[in-house]
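The values are calculated or read from the model by the stated rules, or taken from the named source; none is laboratory data. The model shown is predicted, which means the values in this text are computed figures rather than measured ones. For neighbour counting, all protein chains shown are included, and Cβ atoms are generated from backbone atoms with ideal geometry for every residue, glycine included. These area figures cover heavy atoms from the full protein model, side chains too; ligands, DNA and RNA do not enter into them. Shrake-Rupley method; radii C 1.70, N 1.55, O 1.52, S 1.80 Å.
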Amino acid sequence: HMFGNDLSSVRINPVTGEIRDIAVQGGYIYLLVKNFNLITDAIFIIRKDSGRIESIWGIGRQSAEGITCDGQFIWIISSSEKYFLRKLSLSGRGSGDIAIKTLPKGDIRGIACAGDNVFFTARADEESVLYLFNRQNRALKKIGSYRGGISGIACFQGHIIAGVNEFDTYSGRWLLVMGPDGGLKKKLSFVNSDISSMTSD
């Protein structure tokens, strides 16, 4: 939790695979694990109060990179043109795929939804680019560029929140607060640890 004084943690057993992202809905955490047991990408459904894993959904190997929830559906972003965006019900049932003509360059990280718009970042070298993708017209637009590696983004109260690790002389970990157009509004010094992912409920 970043706003207010409420700080909590959930501990789970070690996972075989690459933890890529998290989403939160109600009393559950949805943890996205890429290459789980070297067999499939998977979503772990974890109770927030106890950290108990209630179930694991195998979702196939389509290079899943990020996960978010809009309150009705779970959205997964993948580094695959055919399965760029995948929609799942809250019970794990597949509800359709959205393809993209050309993937942006770089390592895709993070995803956040606001209406029909999807925000995500792609990191190449020492720069992270923020993109807006419209699910209806399939339009992809670059709306921001930031030095360093953005590893987590979320939508919060009409803003885009991103965690970035900068690499230059004044390197550090920062929290970026941006408008829906990608314009930077605030840059706050953040915790002295790498941010692996970020979400908002």
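List the chymotrypsin sites (Phe, Trp or Tyr not before Pro) within region 24-65 that fall in a DSSP loop (any state other than H, G, I, E or B) and whose Cβ has at most 12 other Cβ atoms within 10 Å.
Passing both the DSSP loop test and the Cβ count: no residue.
Can you give me the Cα centroid spacing of region 69-95 and region 101-115 in angstrom?
Each part's Cα centre sits 13 Å from the other's.
Translational diffusion coefficient, Stokes-Einstein: compute it for region 120-201 using the Kirkwood radius over C-alpha pairs as Rh, at 37 °C and 0.692 mPa s, and state it as an integer in µm² s⁻¹.
252
On a full-extension model of 0.36 nm per residue, what is the gain between Asn134 and Arg93, subtracting their alpha-carbon distance, rounded to one decimal in nm?
12.5 nm
Given 25 °C and 0.890 mPa s, compute D for region 4-114 with the Stokes-Einstein relation, Rh being the Kirkwood radius over Cα pairs; round to the nearest whole µm²/s.
It comes out at roughly 170 µm²/s.
Given points 7 Å out from each Cα along the Cα-Cβ axis, report the Val10 to Leu103 separation in nanometres with one decimal.
2.8
Please give the contour-minus-distance gain from Ile53 to Leu184: 0.36 nm per residue of separation, less the Cα-Cα distance, rounded to one decimal in nm.
Answer, rounded to one decimal: 43.4 nm.
Counting only protein heavy atoms and using a 1.4 Å probe, what share of the accessible area of region 1-130 belongs to carbon plus sulfur, as a whole percent?
Solvent-exposed carbon and sulfur of region 1-130 make up 47 percent of the total.
Considering region 73-143, what Rg and Dmax in Å follow from its alpha-carbon atoms?
When restricted to the Cα atoms of region 73-143, Rg and Dmax are 12.0, 38 Å.
Counting only Cα atoms, I'd like the Rg/Rh figure for region 59-201, Kirkwood definition for Rh.
Radius of gyration relative to Kirkwood radius: 0.96.
Say R0 is 22 Å: what FRET efficiency, to the nearest 0.05, do Glu166 and Ile143 get from their beta-carbon distance?
For Glu166 and Ile143, the calculated efficiency is 0.65.
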